[in-house]
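Everything below concerns the one structure shown next.
The values are calculated or read from the model by the stated rules, or taken from the named source; none is laboratory data. Please read these numbers as outputs of a predicted model, since none were measured by experiment. Here the Cβ is made from the backbone with ideal geometry for all residues, glycine too, and neighbour counts use every protein chain on show.
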Amino acid sequence: MKSLADRPVDPVVGLTVSHESAALHVTGAALYTDDLVARMSGCLHAWPVQAPHAHARVTALRAEPAMAIPGVVRVLTAADVPGVNDAGTKEDEPLFPGEVMYYGHAVCWVLGETPEAARLGAEAVEVEYEVLPSLLTLTEAIDAGSFQGGQPTLSRGDAAAALERAPRRFSGTFELGGQEHFYLETHASFAYVDEAGQVFIHSSTQHPSETQEIAAHVLDLTSSEVTVQCLRMGGGFGGKEMQPHGLAAIAALGTVLTGRPVRLRLNRTQDMTITGKRHPFHATWEVGFDDDGHLLALRATITSDGGWCLDLSEPVLARALCHIDNSYFIPDVEVHGRIAKTNKTSQTAFRGFGGPQGMLVIEDILGRCAPALGIDPTELRRRNLYLPGQSTPYGQPVRHAERLRDIWTQLSGRADLERRRAEVGQFNATHEHTKRGLAMTPVKFGISFNLTAFNQAGALVHVYKDGSVLINHGGTEMGQGLHTKMRQVAATALGIPLAFVRLAPTRTDKVPNTSATAASSGSDLNGGAVKNACEQIRDRLAEVAARKFNIHPDDVRFVDGRVTGVGFHDRDISFAQLANDAYFQRIPLFAAGYYRTDGIHWDSSRMQGEPFKYYSYGAAVSEVEVDGFTGAYRFLRTDIVHDVGDSLSPLVDLGQIEGGFVQGTGWLTLEELRWDVSDGPNRGRLATQAASTYKLPSFSEMPEELNVHLYERATESGVVYGSKAVGEPPLMLAFSIREALRAAAAAFGPGDRPLELASPATPEAVFWAVQAAREAAADSSAAGERTVSAGLRDSGDVGPRVSGDVGTETGTASRPRGEVPSAQPSSSAPARSRRR
Amino acid sequence: MEPIEVNVNGLVRGSAAGPNDSLLDWLRGLGLTGAKEGCAEGECGACAVLVARSDGPERTRWTAVNSCLPPALAFDGGEIVTSEGLGTAGGAGVAQELHPVQREMADRGGSQCGYCTPGFVCAMAAEYYRPDRQPAGSEGPAADHGPNGFDLHALSGNLCRCTGYRPIRDAAYALGQPAGDDPLAARLAAPPPVVKLTRSGPGGSGPGRSAPDASGFVRPGTLEELLERLEQQPDAVLVAGATDVGVERNIRHARPPLVLAVDRLEELRGLHFGQEHIEIGAALTLSEIERGLDGRVPLLSQLFPQFASRLIRNSATLGGNLGTASPIGDAAPVLLALDAVLVLASKRSEREVALADYFTGYRRTVREPGEIIRAVRIPLPLAPSTAFHKIAKRRFDDISSVAVAFAATFDGATVTNVRIGLGGVAATPIRARATEDALTGRELTRESAAEAGRIMAGEGTPLDDHRASARYRAAMLEQAVLRFHAENLPDLEVAR
């Protein structure tokens, strides 16, 4: 039996093809959930009543005034819920809350004949609130001890002892901001009651099965009575993994109660103020290095801002902990994780799922400590890359660790790193008001859901008598090209041209109990299932063909829509003829496929195991230019080498790498969520709740030169056709941009001491870093261990900023170098053997 | 509700629209769901469509605009092309016929989720059909231009969250010239249709955004009629491109009692070059002014690309930008530095007011009820040394946290005259008078610039908000003077 990774000759996977809906996209013919509304008459529109307080008790709610508005049909409240009044899976997300937990929390929903009627109805609903004290910032929550969920610790060895022994020690704090998904298509659900009471919900959801389950429990129906379909999404990025459920449940409740189709589409303001975002994090850390810059130990506490309810915060935190090492071997580790509970939107999945936040902590540490260690940051990173045989702090061997150094070397050459480093130095020496920075950072990202059970998938494949093929699978299409890849997988497995294969929209009555299309796992899991289903059918067809050709079924070959025997030169039949023959021999031409990821396990209580099927690797070099007058910047060039295994679809993978990189760049630079943290009447209000105030990258943020190379000879055994996942890992290539900005800012000063850079590194943040560097230049008497923090305090009103204290070197002052007792068990050797 | 007729994709479509229905609402109501609402405030461009607009007296220009902002009623009698009208995807019984723009976007991976794509396609098509787009010569393409002359700024009003833009740029730069038999190219040789003098009074009602009996829409045929109606109903709202009014309607749900469409009023659309001043009609779009001035006011040339995206500049007007009196509108600081004068007209009179005397408070001006901005006059001669600094998070298409405009005259290295306009640092756009005084009559040196910079940092009363801290704003004022010195330094040193 061939392995999952083997490809036949001339496979359709690996071909460069456009997105399977490209022609529909460019002509506007592609349908999204809300586009269906124009095709159905008599539809009602839902509008939320959003609370104007960060934290309050609802003491009275009067819907009658709304009912007096012409066109208002119904006001949905908690009393209308036949089942469970909860929109989540942790029973902490009431669909209609009695206690308002964040500014903009929807307390009830109005259904109207028009959006305008529903809006006016929502304005007319009278709600009385008893305002309660609120916590908004991470530091407020930490100080108040406001946490939710588990508080896991990731540990290996004895970090305290290792720190004690470390010749070079630093400590600091770091705060990093969240990110709004800003999928171009806002949340949308469209529900109606179908034949025989069946509730049919169109939803822009990454997780149709969970949307179905939650709508069912709200309505007190069984899952078999609710069908959820997702045609496609106008972007998801994790924002539609958990967040659609309650909205779909509202639409479903409305349709059940009124008997009319109900459309619920959030406008951008509602989407940004109601739905969850990427978790901001706060970190305090101590790190130890040897004199050569090898990491010896890390002790840290990372606290995520989970917002008002638990949502996916626990697995997000787990992934953050599992990625705090990024690509670096740290022998002794002790990292505590906590989830703060604040009066903000419920923070949720977002591309990378905590991984980027964990990795940013170590990248910030290295970026800050390198000057104090007197080691170039790129060299410091290279020196600490995992070596074959080493394991992560949670005990998983880093398979293919050699790829990290290989990618690093290849990329240095492709990016012409040494020559450009000299050029940047030359540029900086001759330009007073503009400086350039160059930085290189790696990515190692674990692929699979941390929770083992989610790593399964199903598919349903039909072959019709005319040889055409229709595939269903459990994954959803949000632009990432999953359906394109699945068509290529099916065409490859059945040996037919791509044009034979159509893909049906994802719906829960075709493939049940699916996992979210998330964790970059869509093509690994669903590809395995589609391939399995196709191979069942192909094996049956092979028997039919074998009888016809009078050969053994193993010798039947399926190539480009023709079926023949091995070594044949003049006999073949069409795939369609064979399918027709099979029908008349009463051979079933459809199959359910299934896939489960082998060999993974995870003990969440001990934070140990091998949760990931494999690691995805990559690295990026970025060059930026900073204007010293304003802190504004341009991204001049980025070079990337990224490991996607043997690509299933190179154009799709390239798009994921570039798009992820730019999205990561947005998170780390422009995209700044600011909340009103004043004690005024708008306390808790999201101040950046529109495209005009929350700035996504546009053309101006694309690097002027962007070179992406797919790592070659990268077959990943045990994954469908030797490929690797690609959705999330490239986002973290953007660390190179942030570190290049730090380097450019530092070039305004002596560059020999830690330089803090807030995250996001907005032009303002970069300007303050530039000013700090200039002040350091002026203050030439300062010693290397002194902190350079001037100007980095928050101006006061809103939003996450970097804290004032920095990577303060804590070890060297009291213990002169050379007298360190820990010199004998040097750096990584013992720990490496321990983990082998 | 008022039935309107619009030529959409070559077919005249008739359907009712209310005064508060956007063009996007109306198109989607027809089942043309290609154009999407992404942000409802003209930032993302997912709603972009092509409108036939005049290009000189006898020609048409395909002009991309955000359909989420303007009222549908303003397009009565007009002509529009949407992504559906550019090409067909193919499918049951329909052949695939992609437009060259669509073909390049599809083949190069220019779409992922596809939601922003129809808007990108329309914005790209407008640039594809731009009459003066020429392939680059031997000196190579200009900055942000492709070898085919494609100006990437044409897409600066379109946001994509998936691709990272590189494939979209490649698609744009790969486009050739329209084929000889391209019907949309051929269409440019004739003038656009004349829009109708639509009126939709209070009294209508229907399923749109409008509450019954609340709002009206009138397109006056003459300036006289406009001023007459405004006299009768001073709380009416003037709409040209609706780039501000549309946001008020979509985001803050403003429902003005009467909308008066002024975008086609010829009396407001003049551009006159006189001996003493240049007069710019208040209802000319920024794009039209840009083309009409053709670089003759260098400070405005610096302003335009930074003012807003091409999609917005195709609709926005100086009348609107100054009429809303926003403290962060980018035109005001520039026009203050240019010492501009506004011509205010009402039914009874016409008067001139210096822009420096026009603003009286936060979004308040000397403009009286019934009075409109008819034109903006820029005195001649222009100061020879000018600069515009826009401080914002994003380089393209963002709102300023601080905007600074300089217009100076030097005698050697000595500043003989300087005007500095500031936006974003006070309740109104202001002149930096103390800084001007500190610079005037002195040589511009590193030291004098530093000294003036410290004074500049104290101009206005900058606030902390989500765009920037007060401290950063003040620092940016100071830095602007240092930059002005640095950028003029080579010339000054030669003069010395």
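Quick check on this structure: which one of A:ALA529, A:ALA579, A:ALA542, A:ALA533 is touching a strand residue (DSSP E or B) at 6+ places or on another chain (Cβ under 8 Å), in a helix (DSSP H, G or I) and free of Cβ contacts under 8 Å to residues at least 24 places away in the same chain? Quick ask: steps written out before the conclusion?
Working: A:ALA529 fails: free of Cβ contacts under 8 Å to residues at least 24 places away in the same chain; A:ALA579 fails: free of Cβ contacts under 8 Å to residues at least 24 places away in the same chain; A:ALA533 fails: free of Cβ contacts under 8 Å to residues at least 24 places away in the same chain.
Step by step, each of A:ALA529, A:ALA579, A:ALA542, A:ALA533 is checked, and only A:ALA542 is touching a strand residue (DSSP E or B) at 6+ places or on another chain (Cβ under 8 Å), in a helix (DSSP H, G or I) and free of Cβ contacts under 8 Å to residues at least 24 places away in the same chain.
Here is a list: A:ALA340, A:ALA422, A:ALA372, A:ALA349. Which entry is small (Gly, Ala, Ser) and closer than 27 Å to A:ASN707 by Cα?
Details: A:ALA340 fails: closer than 27 Å to A:ASN707 by Cα; A:ALA372 fails: closer than 27 Å to A:ASN707 by Cα; A:ALA349 fails: closer than 27 Å to A:ASN707 by Cα.
None of the other options fit; the residue is A:ALA422.
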Here the qualifying pairs (Cβ atoms under 7 Å; residues six or more apart or on different chains; first in segment A:474-491 and of a type in the set (D, E, K, R); second not in a loop (DSSP other than H, G, I, E, B)) come out as A:GLU477/A:HIS483; A:LYS485/A:SER523; A:LYS485/A:GLY527; A:LYS485/A:VAL652; A:ARG487/A:LEU498; A:ARG487/A:VAL501; A:ARG487/A:LEU503
Residues being part of a helix (DSSP H, G or I) and either within 16 Å of the chain's Cα centre (by Cα) or of a type in the set (A, V, I, L, M) (or both) - total across segment B:265-313: 22
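Give me the residue from segment A:212-248 that is surrounded by 24 or more Cβ atoms within 10 Å (Cβ to Cβ) and either over 30 Å from A:LEU696 (Cα atoms) or without any contact (Cβ under 8 Å) to a residue 40 or more places away in the chain (or both) and, out of that set, nearest to the other protein chains (Cβ to nearest Cβ). Lay out the reasoning, then the answer.
Taking segment A:212-248 as the starting set, the residues that turn out to be surrounded by 24 or more Cβ atoms within 10 Å (Cβ to Cβ) are A:212, A:214-215, A:218, A:226, A:228, A:230, A:232-248.
Then drop every residue that is not either over 30 Å from A:LEU696 (Cα atoms) or without any contact (Cβ under 8 Å) to a residue 40 or more places away in the chain (or both), which leaves A:212, A:214-215, A:218, A:226, A:228.
Numbers: A:GLN212: 22, A:ILE214: 24, A:ALA215: 24, A:VAL218: 27, A:VAL226: 26, A:VAL228: 19 Å.
Going through the qualifying residues, I end up with A:VAL228.
Looking only at residues that are part of a helix (DSSP H, G or I) and of a type in the set (S, T, N, Q) in segment B:442-491, which one is farthest from A:PHE629 (Cα to Cα)?
Restricting attention to segment B:442-491, the residues satisfying the condition of being part of a helix (DSSP H, G or I) are B:446-456, B:470-491.
Now drop any that are not of a type in the set (S, T, N, Q), which leaves B:448, B:479, B:488.
On the way: B:SER448: 17, B:GLN479: 5, B:ASN488: 15 Å.
Selected residue: B:SER448.
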Report the residue count in segment A:639-663 for those that are of a type in the set (Val, Ile, Thr) and facing another protein chain (nearest Cβ under 9 Å). 3
If I go through segment A:77-105 residue by residue, how many of them are on the phi < 0 side of the Ramachandran plot, touching a helix residue (DSSP H, G or I) at 6+ places or on another chain (Cβ under 6 Å) and buried (at least 22 other Cβ atoms within 10 Å of the Cβ)? 3
Which ones in segment A:7-45 are within 10 Å of chain B (Cβ to nearest Cβ), of a type in the set (A, V, I, L, M, F, W, C) and under 26 Å from A:LEU257 (Cβ atoms)? A:LEU36, A:VAL37, A:ALA38
Would you mind telling me which numbered condition in (1) modelled with pLDDT under 95; (2) within 14 Å of chain B (Cβ to nearest Cβ) A:GLY121 fails? (1)
The residue that is nearest to B:ALA171 (Cα to Cα), considering only those in segment A:26-64 that are assigned to a loop (DSSP other than H, G, I, E, B) and over 32 Å from the mean Cα position of the chain (by Cα), is A:MET40
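Every residue, every condition in (1) assigned to a loop (DSSP other than H, G, I, E, B); (2) crowded, with 24+ Cβ neighbours inside 10 Å; (3) within 12 Å of chain A (Cβ to nearest Cβ); (4) among the aromatic types (Phe, Trp, Tyr), yes or no:
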| residue | (1), (2), (3), (4) |
| --- | --- |
| B:PRO3 | no, no, no, no |
| B:ASN7 | no, no, no, no |
| B:GLY14 | no, no, no, no |
| B:ARG28 | no, no, yes, no |
| B:GLY34 | yes, yes, yes, no |
| B:ALA52 | no, no, no, no |
Result of the Cβ filter at 7 Å on segment B:468-489, keeping first residues that are under 26 Å from A:ALA687 (Cβ atoms) and more than 10 Å from chain A (Cβ to nearest Cβ) and partners that are among the aliphatic types (A, V, I, L, M) and in a helix (DSSP H, G or I), at least 6 apart or interchain, is B:LEU477/B:MET456
How many residues, within segment A:664-673, are within 20 Å of A:TYR617 (Cβ to Cβ) and at the interface with chain B (Cβ under 7 Å from one of its Cβ atoms)? 0
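Mind telling me which of the residues A:ASP603, A:ASP572 ends up being under 28 Å from A:GLN456 (Cα atoms) and without any contact (Cβ under 8 Å) to a residue 60 or more places away in the chain?
A:ASP603
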Within segment A:654-696, can you find the residues that are out of contact with any Leu (no Cβ under 8 Å at 6 or more places or on another chain) and of a type in the set (Val, Ile, Thr)? A:VAL662, A:THR665, A:THR693
Could you pull out every one of the helices (runs of 4 or more DSSP H) wholly within segment B:79-133 that has 3 or more residues that are buried (at least 20 other Cβ atoms within 10 Å of the Cβ) and more than 9 Å from every other protein chain (Cβ to nearest Cβ)? B:117-128
Touching a helix residue (DSSP H, G or I) at 6+ places or on another chain (Cβ under 6 Å), away from chain B (no Cβ under 13 Å) and of a type in the set (Gly, Ala, Ser): does that describe A:ALA744? no
Out of A:ASP524, A:ASP598, I need the residue that is closer than 30 Å to A:VAL652 by Cα and either surrounded by 20 or more Cβ atoms within 10 Å (Cβ to Cβ) or in contact with a Phe, Trp or Tyr (Cβ under 7 Å, 6 or more places away or on another chain) (or both). Which one? A:ASP524
Which residue pairs have Cβ atoms under 7 Å apart, sit 6 or more places apart or on different chains, and have a first residue in segment A:302-324 that is on the phi > 0 side of the Ramachandran plot and a second that is buried (at least 24 other Cβ atoms within 10 Å of the Cβ) and among the basic types (Lys, Arg)? A:GLY307/A:LYS344
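Do we find a residue being farther than 30 Å from B:LEU444 by Cβ and either outside the structural domain of B:GLN232 (by TED's automatic domain parsing) or surrounded by 13 or more Cβ atoms within 10 Å (Cβ to Cβ) (or both) anywhere in segment B:375-388?
Looking only at segment B:375-388, we keep the residues that are farther than 30 Å from B:LEU444 by Cβ, and these are B:375.
Filter once more, keeping what is either outside the structural domain of B:GLN232 (by TED's automatic domain parsing) or surrounded by 13 or more Cβ atoms within 10 Å (Cβ to Cβ) (or both): B:375.
Checked segment B:375-388: at least one residue is farther than 30 Å from B:LEU444 by Cβ and either outside the structural domain of B:GLN232 (by TED's automatic domain parsing) or surrounded by 13 or more Cβ atoms within 10 Å (Cβ to Cβ) (or both).
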Among (1) surrounded by fewer than 23 Cβ atoms within 10 Å (Cβ to Cβ); (2) away from every other protein chain (no Cβ under 14 Å), there is one condition B:VAL65 misses while meeting the rest; what is its number? (1)
Taking the residues in segment B:318-359 that are farther than 22 Å from B:GLY270 by Cβ and among the acidic types (Asp, Glu) as candidates, determine which candidate is surrounded by the fewest Cβ atoms within 10 Å (Cβ to Cβ). B:ASP357
Tally of residues being away from every other protein chain (no Cβ under 14 Å) and either within 30 Å of A:PHE767 (Cβ to Cβ) or in contact with a strand residue (DSSP E or B) (Cβ under 9 Å, 6 or more places away or on another chain) (or both) across segment B:362-408: 24
Residue pairs qualifying under the 6 Å Cβ cut-off, at least six apart or on distinct chains, with the first in segment B:85-101 being under 16 Å from B:GLY10 (Cα atoms) and the second being of a type in the set (D, E, K, R), are B:GLY87/B:GLU97; B:THR88/B:GLU97
